[in-house]
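This is the structure I have questions about; it appears just below.
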Amino acid sequence: MQLYNTLSAEERAILIDDAGKQRLTLSFYAYAKIEDPKKFRDDLFIAWNKLDALGRIYVANEGINAQMSIPAENLEAFRETLNVYDFMKGIRLNEAVEHDDHSFLKLTIKVRHKIVADGLNDETFDVTDIGVHLKAKEFNEILEDPNTIVVDFRNHYESEVGHFKNAITPDVETFRESLPIINEQLQNHKEDKNLVMYCTGGIRCEKASAYFKHQGFKNVFQLEGGIINYAKQIEEEGLESKFIGKNFVFDNRLGERITEDIISQCHQCGKPCDNHTNCENDGCHLLFIQCDECKTAMENCCSTECLEIIHMPLVDQVRLRTGKQVGNKVFRKGKSENLKFKHSGDLPNTALAAAEKPVDIRQKVKVKKVLLGKAEHYYVKAQVAQFTIENQELNAGDKILISGPTTGNQEMVLEKLIVDGAETSTAKIGDKVTFEVPFRIRLSDKLYKIVN
């Protein structure tokens, strides 16, 4: 019985590409009393592995905290695996703003002492006496109240690229550091202010709100579902975003854009930028913000020292980090003397620049197009796509549009097409046609012919 990963991240990435299925990135958490976390962990692994679910999940006696990637077609089956447990029946799944097939490449479920490292002794206060949950509209309204203090309970590298306007953004590296800092900073406002808090998905605020109520704060509120759910609600309801910038996420994407505002700088050159990277040097792995120009010049490295090291023979690189605590063991969170333009703590409420807005299908409404068919397969190594033609003919020289949730909207001129192994100038209804594409496609993608 398989209870652990047997594939590397690289092998899994190839399988995902070959499958060509649309995947969803989502997160959820639940506080509950779990008597046997090890058995709970093993049961989840068996159930989720069958569904090709991937992610990073922590379970403990106090509950579960999960960030995951699952095939879209398995969403309902995945919900059924949650509904087996009373405390997860109908649980809210926070879907990412931006999905990525490679957001997670392993299924890792770990048993921990706590699902969030908060440093608190849960026996000393009522962890169920939490603050009032606010939906996006209510959250926006309370932010307008002059008696409101809004606090970001994330870390410096998260708030640096995006935060709610006028929020207190503690210059901390861990959640547990922020609790005593905020408690001390707001000692004189326990009675007269609304203490409003937020985090990525809501789990940190769930414990923090109970802690601050125990500390004597009378009016404690928290953003329901965190920034992830807030972004979804403001889009659905057409609300103004009080959040500015990008939401840092703990998967391979390292961020999803909420507004087009860039509020941070490349840590190396100072250019407006909010893209995180991990230093290429395995003996460093520093997390920092790096623009495309510096990424190219520095080859993903944070310093000239690390740049020199990655060009050394591997045996010398291993020798240099032998016996030292390195980035693989300690997640270095974006603080180094080498980062000349690093800022945290007191952060701006105005944009330094605007992100380039991706053009999607809704912005192409003036483009007249005809649906031809759907994707059948993608041959990764050859970069060849296969589609079934279901409507009208497709000809060499046609301008086409390939569109899908992850692929986006890609236009190209069709130079050559193959039907039944032979090059042809026309593919007819019912044909399975293959042609080269300079990008990866998924089975959820549709093929259109642009006719104007």
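Taking only protein heavy atoms into account and a 1.4 Å probe, give the accessible area per residue of the stretch 1-108 in Å².
I get 46 Å² per residue for the stretch 1-108.
Roughly how many percent of the accessible protein surface of the stretch 1-45 is carbon and sulfur, given a 1.4 Å probe and a whole-percent answer?
So the carbon and sulfur contribution to the accessible surface is 59 percent.
Assign one of three labels to the stretch 121-226, namely rounded, prolate or oblate, based on the Cα gyration tensor with a ≥ b ≥ c the square roots of its eigenvalues; rounded applies when a/c is under 1.5, prolate when it is not and a/b is larger than b/c, and oblate otherwise.
rounded
A further question follows. Tell me the angle of helix 37-50 to the major Cα principal axis of the chain, expressed in degrees between 0 and 90 and rounded to the nearest ten.
It works out to around 20 degrees.
Please list, in chain and number order, the residues 5+ apart from Leu417 or on another chain whose amide H is under 5 Å from its amide H, with Hs placed from the backbone.
Long-range HN contacts for Leu417: Thr424.
How long is the gain from Ala382 to Asn300 if the chain were fully straight, where each residue apart is worth 0.36 nm and the alpha carbon distance is subtracted?
Working it through step by step, the gained length comes to 26.8 nm.
Roughly to the nearest percent, how much of the accessible area of the stretch 187-275 is carbon and sulfur, given a 1.4 Å probe?
41
Same structure again: Consider the candidate values (1) 64, 56, 44; (2) 77, 53, 52; (3) 75, 58, 45; state which one is Cα extents along the principal axes in Å computed from the structure displayed.
Step by step, Cα extents along the principal axes in Å for this structure corresponds to label (2).
Same structure, new question: I need the trypsin sites (Lys or Arg not before Pro) found in the stretch 27-72, filtered to DSSP loop residues with at most 12 other beta carbons within 10 Å of theirs.
Lys33
Do the sum for the chain: with -39,500 (n - 2.57) for every DSSP H run of n ≥ 4, divided by all residues, what is the mean residue ellipticity at 222 nm, to the nearest 500 deg cm²/dmol?
About -6500 deg cm²/dmol.
Under a plain spin-label model, where a point goes 7 Å from the Cα along Cα-to-Cβ, how far apart in nm are Glu141 and Asp36?
Reported label-point gap for Glu141 and Asp36 is 4.8 nm.
Taking only protein heavy atoms and a 1.4 Å probe, what accessible area per residue, in Å², does the stretch 158-250 have with all protein chains in place?
36
Does anyone have the angle between helix 203-214 and the longest principal axis of the chain? Alpha-carbon axes, 0 to 90°, nearest 10?
10
How many lysine pairs does the stretch 229-350 hold where the Cα atoms are under 20 Å apart and the two sit 8 or more places apart or on different chains?
18
Under a 5 Å amide H to amide H cut-off, with H placed in plane at 1.01 Å, what residues pair with Gly373 once short-range neighbours are removed?
Excluding prolines and chain starts, which carry no amide H, the hits are Glu390, Leu447.
Gain in length, Glu411 to Asn391, computed as 0.36 nm per residue apart minus the alpha-carbon separation, to one decimal in nm?
5.3 nm
Apply the Karplus curve 6.51 cos²θ - 1.76 cosθ + 1.60, θ = phi - 60°, to the phi angles in the stretch 255-270 and return the couplings in whole Hz, x for Gly and Pro.
With coefficients 6.51, -1.76 and 1.60, one gets x, 9, 7, 9, 10, 7, 6, 9, 10, 10, 10, 4, 5, 9, 10, x Hz.
Rounding to the nearest 10 and keeping the result within 0 to 90°, find how far the Cα-based axis of helix 9-19 lies from the longest principal axis of the chain.
Approximately 50 degrees, to the nearest 10.
Among Leu120, Phe341, Cys306, which residue has its Cα furthest toward the positive end of the charge dipole of the chain, with +1 on Lys/Arg Cβ and -1 on Asp/Glu Cβ?
Cys306
Would you work out what percent of the accessible area of the stretch 368-409, with all protein chains in place, is carbon or sulfur (probe 1.4 Å)?
Roughly 45 percent, rounded to a whole number.
Under the rule a/c < 1.5 gives rounded, and otherwise a/b versus b/c splits prolate from oblate, where does the stretch 234-291 land using the Cα gyration tensor?
Because a/c hits 1.5 or more and a/b fails to exceed b/c, the stretch 234-291 counts as oblate.
In nm, what is the difference between 0.36 nm times the number of residues separating Lys165 and Glu73 and their Cα-Cα distance?
Going from the current span to full extension adds 29.3 nm.
Note down, for the stretch 50-139, the three equivalent ellipsoid semi-axes (square root of 5 times each alpha carbon gyration tensor eigenvalue), biggest first, whole angstrom.
Value: 26, 18, 14 Å, ordered largest first.
Taking only pairs that are 8 or more places apart or on different chains, how many Lys pairs in the stretch 1-154 have Cα atoms under 21 angstrom apart?
19
Continuing with this model, one more query. Output the relative contact order of the chain, whole-number percent, from Cα pairs under 8 angstrom with separation of 6+ residues.
RCO, the chain: 13 percent.
A further question on this structure: Could you tell me which of rounded, prolate or oblate describes the stretch 1-114, using a ≥ b ≥ c as the square roots of the eigenvalues of the alpha-carbon gyration tensor, with rounded for a/c under 1.5 and, failing that, prolate when a/b is larger than b/c and oblate otherwise?
prolate
Continuing with the same structure: Out of all DSSP beta bridges with both ends in the chain, state the antiparallel percent to the nearest 5.
Approximately 80 percent, going by the DSSP bridge assignments.
May I pose another question? Long-range amide H contacts for Arg112: which residues qualify at under 5 Å (H placed 1.01 Å from N, peptide plane, sequence gap of 5 or more or a different chain)?
So Arg112 has HN proximity to Val59, Ala60.
The values are calculated or read from the model by the stated rules, or taken from the named source; none is laboratory data. The structure presented is a predicted model; accordingly, all values stated were derived computationally and were not measured. Cβ coordinates were reconstructed from backbone atoms using ideal geometry, including for glycine residues, and neighbour counts include every protein chain displayed. Heads up: the accessible areas ignore ligands, DNA and RNA and are worked out on the full protein's heavy atoms, side chains in. Shrake-Rupley method; radii C 1.70, N 1.55, O 1.52, S 1.80 Å.
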